[in-house]
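First comes the structure, then the notes that go with it.
The values are calculated or read from the model by the stated rules, or taken from the named source; none is laboratory data. Computed from a prediction, not measured in an experiment: that's the story for all the values here. Methodologically, a virtual Cβ is constructed for each residue, glycine included, from the backbone with ideal geometry; neighbour enumeration extends over all protein chains shown. To get the accessible areas, we keep the full protein, side chains included, count just its heavy atoms, and leave off ligands, DNA and RNA. Shrake-Rupley method; radii C 1.70, N 1.55, O 1.52, S 1.80 Å.
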Amino acid sequence: MYNQNFDPLSAKYLGNDEVVIRSLKREIQNILSSYVGWFDTFCELIQNGLDALDVRMKLKEPDYKAMIHVLVDLQKNAVSVTDNGIGFEEQQYTRFLAPNFSFKSGNTRGHKGVGSTYLAYGFNYIQIATKSPSFTAIGKMENARNWLSDENPAGNPMVIPDDSDIFDPLFANIDRGVSVCIKYDENTNPKDLSWMKITNAESWLKVLKIKTGLGAIMPNENILIIVSVVDKSGEKTEAQCQGIGYLWANEMFEKVQKYTDIKLKMDQLYRTKGDTYRLPSKYMNLNAIYDIWDYNRLQDEITIDETEKKIIDECRPIVYFCYAYSTKLWDKFSESLGLRNGINVISGGIQIAANNMPQGELILIPLKKNAGRQFQLHIVMHFENCFADLGRKGFQKDIVDFSKDIARRIADGPLNKTKKCFRKNTGATPDDLMRQQHLDDWKVDMKAHENTNPLVLENENFFLPMKRVSITSEPTREQDVIALFNQLLAGGVIRGIKIMSTNERFTYDGLYHIIIDPPVDNHVFDKIKNPLGILRDTLGDLYEEYPAGICSEPKVLEYKFSLDGLIEDIESGIKNSNDINLVVAWEAAEQYKEKFYITSLLLDENIYMRQYHGITHKLFDITTSQAVCDLILLKDLITYLNNPEKCKDEQEQYDD
């Protein structure tokens, strides 16, 4: 048993004078500054363990079964990774923590000699246990992170023999290998393992198969993964998986189809039926479309220039993509894991991978049109003969540019033809069983209504203002919003809009004209008689210049139950906010707050912003403060008509 103290930095210098120490501190600080990811600790511990397993598997030992164990202890705010790989020899054990010192070759997942330094000096507690046929040791180093920040430390931190229990009890059961434990505290980054809110082993396993080397792009079924989690109350859960491999996004969802299969079916139907074909239901209303292409297939699907051809020949990229119908899929998956609200472990963007594992943070896909699609499309690109820079921060510019260009062309080319296969967004989310029952009831009711109440337009006074609306309950879906809106138009409550057409098959719901026609008093604001009118000053000399009134060119109208449905359509690229002039919805909901803000025209101080009769709100871009479109939020409108004072208090929420 090795029982000597040693200074890991002795591998980098022969003296311990102040100049040398300061230089080494700067070197270590530069290394630590490159580690900014929340999962970097896991990435480094796991890749070291997997590299050790790879070395031992090459020995072809009979009955050897490779294993890696990740122990997450939320109670003790610590994580350990244990492997039954090759283990350390004495020289490796005493040197591997020094900066830029590595015993690994360029064929391993890590070989720059910075990851272990990050683990040792980025935290205030590290325990290292190792055993091999010729060497056994258990050591710990404490307060290294504090030492790094101390201008006048009393000596360098030392790895000292550790007589306490090994953090991971499983280490006692392996014949050789390494177990490394890291503890978090207020001075480390991250500070608290429980911040992510993941409390069970199954969820941690899924996360680690997305964010670390456990998510191997080329799977290896010979490695057993064990993940153990101790939650804050001390309850322990365990999850096992035979084989390392990336958790592909399409495995998370139901109702998905492979792009290749969709394309083959489309081509087949086009040859036999022309462009009027209808895809079978299995290819419609999909949650996601996915595929994985090698570098040969990539060149068949999109046009490649000479510069890109050189990268392909050298790096042989593999491209995986998953195109989700809505960004809600990413949110729902994260919610299923119990992740902290607002945190997504997988989302739209480019995940570059090298050395058979994902590395670095997601890169935004630079779409030039329908830009919201960039948040729906998750792409993984794996490159051979390619390495991330210091601390897995990023890759060479030519690799990043290549990835962006390829991702954009996949989105704008092949995938653009498959959008019709997605399920539709409405913004409303009724219970499925109740919705079906309502649908059946509605069919019966509408048949009876058709026979007994045909449409008759004989009363010349039909469009005069009504004393009550005919809708008897609040809207629960988009169709109810349309019905209520038309009631308000017919009843004269909203007077500045004339519906031109509706179209359920085209991208947008309909067209309308803005009208301001005589007599003028029909459009002028009056707090009691005409509360949705325009200020007389706004009208100005309009009637003198246009005595017959005005009627605008056709403008685009959208109906939604809530603005959530609109935001999803914009983000998915199905609709473009630049095309939409007016949105009629029951309520605003919450999603708009990420990129937009609302100004209420139901407040006295904002009435001047109403340019035509009936508009209740305006939507603005949160970045540029430019107006996006007009809004009619029916829930607020009804409250305003029934109880203006109550509505005033509620409208102030939009200023928060």
> Under the Karplus relation 6.51 cos²θ - 1.76 cosθ + 1.60, θ = phi - 60°, what is the ordered set of whole-Hz ³J(HN,Hα) values for the stretch 519-528, x standing for Gly and Pro?
Replying inline: x, 4, 5, 5, 10, 7, 5, 9, 4, 9
> Using modelled amide H (1.01 Å from N, peptide plane; none on Pro or chain starts), what sits under 5 Å from the amide H of Ile126, excluding residues fewer than 5 places away?
Replying inline: Met141
>> Can you compute the FRET efficiency between Lys397 and Leu362 using 1/(1 + (r/R0)^6), with r the Cβ-Cβ distance and R0 = 22 Å? Round to the nearest 0.05.
In response: 0.80
>> Ranking request for peptides 114-122, 400-408: highest mean number of other beta-carbon atoms within 10 Å first, then the rest in descending order.
In response: 114-122, 400-408
> Treating the beta-carbon of each Lys and Arg as +1 and of each Asp and Glu as -1, no other charges, what is the dipole magnitude of the stretch 251-421 about its Cα centre, to the nearest 20 debye?
Replying inline: 880 debye
> Can you give the convex hull volume per residue for the Cα atoms of the stretch 17-246, as a whole number of Å³?
Replying inline: 129 Å³
>> How large is the translational diffusion coefficient of the chain in µm² per second when you combine the Kirkwood radius over alpha carbon pairs with Stokes-Einstein at 4 °C and 1.567 mPa s?
In response: 44 µm²/s
> Given +1 on the Cβ of Lys and Arg, -1 on the Cβ of Asp and Glu, and no further charges, what dipole in debye does the stretch 136-289 carry about its Cα centre, rounded to the nearest 20?
Replying inline: 1380 debye
>> Ignoring ligands, DNA and RNA, please state the percent of accessible area on the chain from carbon and sulfur, probe 1.4 Å.
In response: 48 percent
> Given +1 on the Cβ of Lys and Arg, -1 on the Cβ of Asp and Glu, and no further charges, what dipole in debye does the chain carry about its Cα centre, rounded to the nearest 20?
Replying inline: 1540 debye
> Given Lys595/Lys618; Lys255/Lys417; Lys209/Lys593; Lys197/Lys328; Lys369/Lys498, which pairs have Cα atoms separated by over 24 Å?
Replying inline: Lys209/Lys593; Lys369/Lys498
>> Once R0 is set to 45 Å, what does the formula 1/(1 + (r/R0)^6) return for the Cβ-Cβ distance between Glu605 and Glu251, expressed as a FRET efficiency to the nearest 0.05?
In response: 0.30
> Which order, highest average first, do 324-331, 648-655, 409-416 follow once you tally other Cβ atoms within 10 Å for each residue and take the mean per peptide?
Replying inline: 324-331, 409-416, 648-655
> When the gyration tensor of the stretch 524-656 is built from Cα positions, what are the square roots of 5 times its three eigenvalues, in whole Å, from largest to smallest?
Replying inline: 25, 20, 13
> Alpha carbon centre of the stretch 124-186 versus the stretch 221-248: separation in Å?
Replying inline: 23 Å
>> Give me, ordered by chain and number, the residues 5 or more places off Leu224 or on other chains with an amide H under 5 Å from its own placed amide H.
In response: Ala66, Met67, Ile68, Gly243
>> Quick check: pseudo-label points 7 Å beyond the Cα along Cα→Cβ at Asn30 and Ser149, how many nm apart are they?
In response: 2.3 nm
> Which of Ala154, Ile86, Ala129 sits farthest toward the positive end of the charge dipole of the stretch 17-246, with +1 on the Cβ of Lys and Arg and -1 on the Cβ of Asp and Glu?
Replying inline: Ile86
